[in-house]
């Protein structure tokens, strides 16, 4: 694990949540995009040494929709930046860690991502995130 890349926060509406993060907390908005494969809209904010990722469901089939229904708005996951996501996933699996995805998929910003099941990580959902060459930071 290189560093904490971002913290994911589930929200019902990015448009309603952004004023708090931008105006009240003073965090700069970096970008907003939709990740159709996950049925989420995401907004990244610069929080200094890491980013905050606001996650809004685009449909009822989104995992974020289910999270909001079950737990309400709040912290969803912590993402660690890694250099070789597949090697890291293989290592975790070899060590008995339960994974949600054994193969990475494309997430926001074109990064390769995969999640560690919270049952293997003391109730915390962790994401592994490998930025593609030009997007690394």
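Throughout, read-outs are computed from the coordinates displayed, never taken from laboratory work. None of the values given here were measured: they were computed from a predicted structure. Cβ coordinates were reconstructed from backbone atoms using ideal geometry, including for glycine residues, and neighbour counts include every protein chain displayed.
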Which listed residue, of 10, 17, 63, is in contact (Cβ under 8 Å) with a residue 24 or more places away in the chain, farther than 15 Å from residue 111 by Cα and more than 16 Å from the chain's Cα centre (by Cα): 17
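Being surrounded by 12 or more Cβ atoms within 10 Å (Cβ to Cβ) and farther than 27 Å from residue 92 by Cα: is that true of residue 34 here?
Numbers: surrounded by 12 or more Cβ atoms within 10 Å (Cβ to Cβ): yes; farther than 27 Å from residue 92 by Cα: yes.
Yes, satisfied.
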Single residue of 109, 74 found to be surrounded by 14 or more Cβ atoms within 10 Å (Cβ to Cβ) and touching a residue at least 40 places away in the same chain (Cβ under 8 Å): 109
Residue satisfying condition, being touching a strand residue (DSSP E or B) at 6+ places or on another chain (Cβ under 7 Å) and either outside any strand (DSSP E or B) or in contact (Cβ under 8 Å) with a residue 40 or more places away in the chain (or both), within set 68, 45, 30: 68
Filter pass, residue 86 being surrounded by 11 or more Cβ atoms within 10 Å (Cβ to Cβ) and part of a loop (DSSP other than H, G, I, E, B): no
